[in-house]
Amino acid sequence: MVFQSVDRVIKEVKFISDHSRKRVFLFQDDQITLRRDRAKTLFERLMDEDLGMLWKCFVRVDLVDEELLALMRESGCVQVRFGIESGSNRVLKAIKKGFTIEEAHRAVRLAIKYMPSVHASFIWGYPFETLQECKETMKWVHRLQDEGCTVLISSCRPCPTARYTRTTEGHWISMRTSWPISIFPVGRT
């Protein structure tokens, strides 16, 4: 994986600051905290440069902690977004997320402590997912909402360019149909 240098990122943020009326930007990269030392250097530089910019980012559940979230907030971060994907540990294991729903919950709760806005995205309707697992996901969706997290749910729609997908049971499913992706916020009734 190739990362742009911190100097290059700061130069781009300065360009946005100098040439746009926008005061908030999004790091469109869920790997921003992958290399912890680089991330800390970037956040410290954002503070030192004092560009008057706020920012949002995608983060991975397994790559944030209290120290990093505090530094992110201090450097202007106003929103973090997690791709949790499921409330079922079996599904999380099948899609190789590398964390449990309980670990995701802890990360979200910690982020809520530091950030004005925390988002989590989920996907339901995996070909191998059971109705009970969908219900588990919805239980976690409602729990996170009750704790102050904004939740977005997408239905599982395989990429139209993918020829086939293999289920966890080893069956192959044809994905020749071009399905639109639907993302919608989940409301409470």
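The values are calculated or read from the model by the stated rules, or taken from the named source; none is laboratory data. These figures come from a predicted structure and were not determined experimentally. Glycine gets a Cβ as well: all are built from the backbone with ideal geometry, and neighbour counts include every protein chain shown.
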Let me confirm something: among 90, 60, 109, 73, which residue is basic (Lys, Arg), surrounded by fewer than 17 Cβ atoms within 10 Å (Cβ to Cβ) and over 15 Å from residue 150 (Cα atoms)? 90
Quick one: in the range 93-105, of everything that is surrounded by 14 or more Cβ atoms within 10 Å (Cβ to Cβ) and not in a loop (DSSP other than H, G, I, E, B), which residue is modelled with the lowest pLDDT? 94
For the range 125-138, does any single residue satisfy the condition of being among the hydrophobic types (A, V, I, L, M, F, W, C), at pLDDT below 90, part of a loop (DSSP other than H, G, I, E, B) and surrounded by 12 or more Cβ atoms within 10 Å (Cβ to Cβ)? yes
Checklist (1) in contact with a Cys (Cβ under 9 Å, 6 or more places away or on another chain); (2) free of Cβ contacts under 8 Å to residues at least 40 places away in the same chain; (3) aliphatic (A, V, I, L, M) applied to residue 47, failing item: (1)
Can you tell me which residue is nearest to residue 135 (Cα to Cα) among those in the range 76-87 that are hydrophobic (A, V, I, L, M, F, W, C) and surrounded by 17 or more Cβ atoms within 10 Å (Cβ to Cβ)? 84
If I filter the range 54-80 down to residues being in a loop (DSSP other than H, G, I, E, B) and of a type outside the set (A, V, I, L, M, F, W, C), which single residue comes out as nearest to residue 33 (Cα to Cα)? 60
Looking at the structure I just gave you, is residue 121 surrounded by fewer than 17 Cβ atoms within 10 Å (Cβ to Cβ) and at pLDDT 95 or above? yes
Is there a residue being over 27 Å from residue 6 (Cβ atoms), small (Gly, Ala, Ser) and under 14 Å from the mean Cα position of the chain (by Cα) anywhere in the range 66-84? no
